[in-house]
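Derivation of every value follows stated rules applied to the coordinates shown; laboratory data play no part. Just so you know, these numbers come straight off a predicted model, no measurement behind them. Counting neighbours? That spans all protein chains shown, and the Cβs are built from the backbone with ideal geometry, glycine included.
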Amino acid sequence: MLDLRYTLGIAVIPLALAMAGCSNGDTAITQAVQDRLGDQGVASQVQVSTDRRIVKLEGVVANTQELNRAEIAAREVRGVMAVDNRLVLKPSVGVTGATLPGPSTPPSTP
């Protein structure tokens, strides 16, 4: 019985150390991604979080080029396993067919 407890203890210690290091690694990954996004000029409205080396990008970007640059920048950071890209495009102004708020008046009939 003593051997089994010893064996389990040996197996659990590296697992516990790996899990404890995951949080610290996630923090470093988040910071590195934020730095890269700043270098790319897309950090202003992008929130970055990391959980178990999976980076989540959330926020609004101006165009598809910024969206793609942000994802590529995150993927290039050492230690990133995957990127969950939840970025959305900023709505463009002057979209045809848009309804403006305010009272509606029916068309007049002659």
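Some points to look at:
- Across segment 49-54, coupling constants 3J(HN,Hα) worked out from phi with the 6.51/-1.76/1.60 Karplus curve, θ = phi - 60°, read 9, 9, 9, 6, 6, 9 Hz, and Gly and Pro carry x.
- Amide H contacts under 5 Å for Ala62: Lys90, restricted to partners 5 or more places along the chain or on a different chain, H placed in the peptide plane at 1.01 Å from N.
- Each Lys or Arg adds one and each Asp or Glu subtracts one; over the other residues with Cβ under 15 Å from the Cβ of Arg52, this totals -1.
- Val60-Ala28 pseudo-label distance in nm [points 7 Å out on the Cα-to-Cβ vector]: 3.5 nm
- Cut-off under 5 Å, modelled amide H: who pairs with Asp84 long-range: Val55, Lys56, Leu57
- Each DSSP beta bridge with both residues in segment 26-89 is either parallel or antiparallel, and the antiparallel ones are about 45%.
- Phi to ³J(HN,Hα) by Karplus 6.51 cos²θ - 1.76 cosθ + 1.60 over segment 76-81, Hz, x for Gly, Pro: 7, 6, 4, x, 6, 8
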